[in-house]
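So the structure is just underneath, and the comments pick up after that.
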Amino acid sequence: LLGAVAVRDFEEIRVFSRNPDNRKRFVEKMTPRIKREIVACTSAKAAVTGADVVMSASNSATPIYDADWIAPNAYVGSAGPKFRTTSELPAAIRSRLPWARKT
């Protein structure tokens, strides 16, 4: 988040964690650092739907959101694990993003 806000001015910043305490702690820690409001969402869908930029940082071995929730030309970044058989990203994300499609 710190890197993203250093290079881009976002209209809205949303965050989601399955753990409500983690969401709250993240908002409390990062809001004063970036001097911007952060909206804590109660679902992954609410956090990513309609976003121009989607960033995830998870240790999940299964997708944390559905590819259909991502806007067609959104930038998607991920800091989580990605292996042939496991990933925090849905496999269908490749077909949703023009720049990620195989040619």
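The values are calculated or read from the model by the stated rules, or taken from the named source; none is laboratory data. Remember, predicted model here, so these are calculated numbers, not experimental data. Quick reminder, even Gly has a Cβ in these numbers, built from the backbone with ideal geometry, and neighbours come from all protein chains shown. To get the accessible areas, we keep the full protein, side chains included, count just its heavy atoms, and leave off ligands, DNA and RNA. Shrake-Rupley method; radii C 1.70, N 1.55, O 1.52, S 1.80 Å.
Structure above, values below:
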{"read-out": "Residue satisfying all of: in region 43-64; among the aliphatic types (A, V, I, L, M) and part of a loop (DSSP other than H, G, I, E, B); least open to solvent (accessible area, probe 1.4 Å) among these", "value": "51"}
{"read-out": "Yes/no for residue 93 being open to solvent by less than 80 Å² (accessible area, probe 1.4 Å), in contact with a strand residue (DSSP E or B) (Cβ under 8 Å, 6 or more places away or on another chain) and modelled with pLDDT of 95 or more", "value": "no"}
{"read-out": "Matching residues, region 81-90, being surrounded by 12 or more Cβ atoms within 10 Å (Cβ to Cβ), of a type outside the set (Asp, Glu) and modelled with pLDDT of 70 or more", "value": "86, 87, 89, 90"}
{"read-out": "Pairs where the first residue, in region 28-48, is small (Gly, Ala, Ser) and the second is in a helix (DSSP H, G or I) and surrounded by 14 or more Cβ atoms within 10 Å (Cβ to Cβ), C-beta under 7 Å, 6+ apart", "value": "40/23; 40/27"}
{"read-out": "Residue list for region 65-83, restricted to those being in contact with a strand residue (DSSP E or B) (Cβ under 7 Å, 6 or more places away or on another chain) and part of a strand (DSSP E or B)", "value": "75, 76, 77, 78"}
{"read-out": "Pick from region 1-42, criterion open to solvent by less than 50 Å² (accessible area, probe 1.4 Å) and part of a strand (DSSP E or B), ranking: nearest to residue 65 (Cα to Cα)", "value": "15"}
